[in-house]
Amino acid sequence: MPAIVVLGAQWGDEGKGKATDLLGGQVDYVVKYNGGNNAGHTIVVDGEKYALHLLPSGILSPGVVPVIGNGVVVDLGVLFGEIDAISARGVDTSKLLVSGNAHVITSYHTTIDKVGERFLGDAKIGTTGRGIGPAYADKISRVGVRVQDLFDEKILRQKVEGALDQKNQLLVKAFNRKALSVDAVVDELLEHTERLRPMVADTSLLLAQALDRREVVLLEGGQATMLDVDHGSYPFVTSSNPTAGGACTGSGIPPTRLDRVVAIVKAYTTRVGSGPFPTELTDQVGERLRANGGEFGTTTGRPRRCGWYDAVVARYAARINGVTDFVLTKLDVLTGFETIPVCVGYRVGDTVYDEMPMSQTDFHHAVPVYEEFPGWDEDITAARSLDDLPKNARNYVEAVEAMTSVPISVVGVGPGRDESIVVRSLV
Ligand code: GDP
Ligand code: IMO
Ligand code: MG
């Protein structure tokens, strides 16, 4: 029975949080499967704005069990800070579960992330500085600390000692920083142990049992396809797999149990941090998209880089993720533009690509080939069916849909939960 993946098709901030929240009433579990508090999801319910980072977006739906899966990296201070802040606003967080196999972000991860970026200078990634890359690096290097390690102090101490042996060399000799003491790091982690204990579970087993009972499990990706460490614009990516494969490894649900992959795609494109972005607009048109769309990061407050819709990226996301449905968000932000260009291919020298170029050098030099569509001036925020849209807005939706051969099942026309056109149910 249904396991549904919701993920980002572009460079993040497509409106995944809103889409997940929209489905909240129809699902039993919402599982965050990758990333950590580098994510920032703004969700608006009855005019109330919530900014979520580490908590799954399903937390705002009363019937849902929110799950932090094994693929996530967890900063415990941030977790409890977020739980306290959201509980104070009357949201029930008592059902939250955390995988014992999830890795923990410690203070040395955030330090190394920030200092490492400084050392990269102009080549910096523009990370969120939340320790994400260093925590995943430790996981892959097999020197990470897992949530379950917190419940065995002897093991925890051994692991922290092992990790700090290397880290202190790096901090002191390469980064000119003070060495960290094992005691300080162990104490920092143990501070949260008792509060965490009741939330920790074998989440992969629980999710398999839920699917056996024919309950609906939604797997929520942080970041997005073009930020995927394997399939994105490497090295300007995050350190996890936001793509559909990551939903399996990051939750313990096998590919044979996924039956829907919903990709969220903005009606234009944004990117935060460094790296190639073929349709980027560095002029006043880009400024106008940023202002109209409120394109400032939920996590770091940085202005997002803005550009036109890129059908090459959307096609790539459809292929890499096996997308069954697109949710096209923020169509309302395009209201008022006289013409709306859409990138349908890339020109690199004498070659025109309609698929993602294999080489990073080509992608860096890609010049968009645009097709232009006439805009509309009418306010579309009250539209609740495609028939309610002005002709040109509907044409735009149908044109970008035809460019990927995957149906657009929902169109976003505003930030509110109800500001959506649902063409086809996602559950
Ligand atoms: P996420 O990280 O993918 O969850 O996206 P963010 O929350 O970082 O950024 C998306 C922003 O767009 C949020 O502020 C949402 O409230 C807002 N949003 C989502 N869908 C729509 C939409 O259809 N129209 C408008 N105007 N805003 C939207
Ligand atoms: P959501 O889930 C947009 C970007 C950072 C940086 C790169 C690596 O809200 O869509 P990291 O801290 O992960 O090592 O940074 O990835 N990035 C995001 N950009 N939305 C996000 O999350 C992002 N999470 C990371 O800006 O370029
Ligand atoms: Mg975001």
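Structural remarks
- Residue within region 181-200 that is farther than 19 Å from THR110 by Cβ, in a loop (DSSP other than H, G, I, E, B) and at pLDDT 95 or above present: no
- In this entry, GLY90 is excluded by the filter for residues that are within 16 Å of ligand 3 (Cβ to nearest atom), more than 21 Å from PRO254 (Cα to Cα) and out of contact with any Leu (no Cβ under 7 Å at 6 or more places or on another chain).
- Qualifying residue in region 239-249 (condition: away from ligand 2 (no atom under 16 Å from the Cβ), aliphatic (A, V, I, L, M) and either touching a residue at least 12 places away in the same chain (Cβ under 8 Å) or in a loop (DSSP other than H, G, I, E, B) (or both)): no
- Where strands (runs of 3 or more DSSP E) fall wholly inside region 1-112, the ranges with 2 or more residues that are under 30 Å from LYS167 (Cα atoms) are 97-99.
- Residue in region 9-31 that is farthest from the chain's Cα centre (by Cα), counting only those that are within 20 Å of ASN70 (Cβ to Cβ) and within 13 Å of ligand 3 (Cβ to nearest atom): THR20
- Residue count for region 170-197, restricted to those that are without any contact (Cβ under 8 Å) to a residue 40 or more places away in the chain, β-branched (Val, Ile, Thr) and touching a helix residue (DSSP H, G or I) at 6+ places or on another chain (Cβ under 9 Å): 2.
- Among the conditions (1) part of a helix (DSSP H, G or I); (2) hydroxyl-bearing (Ser, Thr, Tyr); (3) within 30 Å of GLY275 (Cβ to Cβ), SER204 misses just one, which is (3).
- Scanning region 125-180 for residues that are of a type in the set (Gly, Ala, Ser), assigned to a loop (DSSP other than H, G, I, E, B) and away from ligand 3 (no atom under 16 Å from the Cβ) returns GLY131, GLY144, ALA179.
- Residue match in region 68-89 (condition: of a type in the set (Lys, Arg) and within 13 Å of ligand 1 (Cβ to nearest atom)): no
- If the condition is being among the hydrophobic types (A, V, I, L, M, F, W, C) and away from ligand 2 (no atom under 14 Å from the Cβ), then region 14-29 contributes LEU22, LEU23, VAL27.
- When region 320-333 is limited to residues that are more than 17 Å from the chain's Cα centre (by Cα) and crowded, with 23+ Cβ neighbours inside 10 Å, the one that is nearest to ligand 3 (Cβ to nearest atom) turns out to be VAL333.
The values are calculated or read from the model by the stated rules, or taken from the named source; none is laboratory data. Please read these numbers as outputs of a predicted model, since none were measured by experiment. Please note: Cβ atoms are built from the backbone with ideal geometry, for glycine as well, and neighbour counts cover all protein chains shown.
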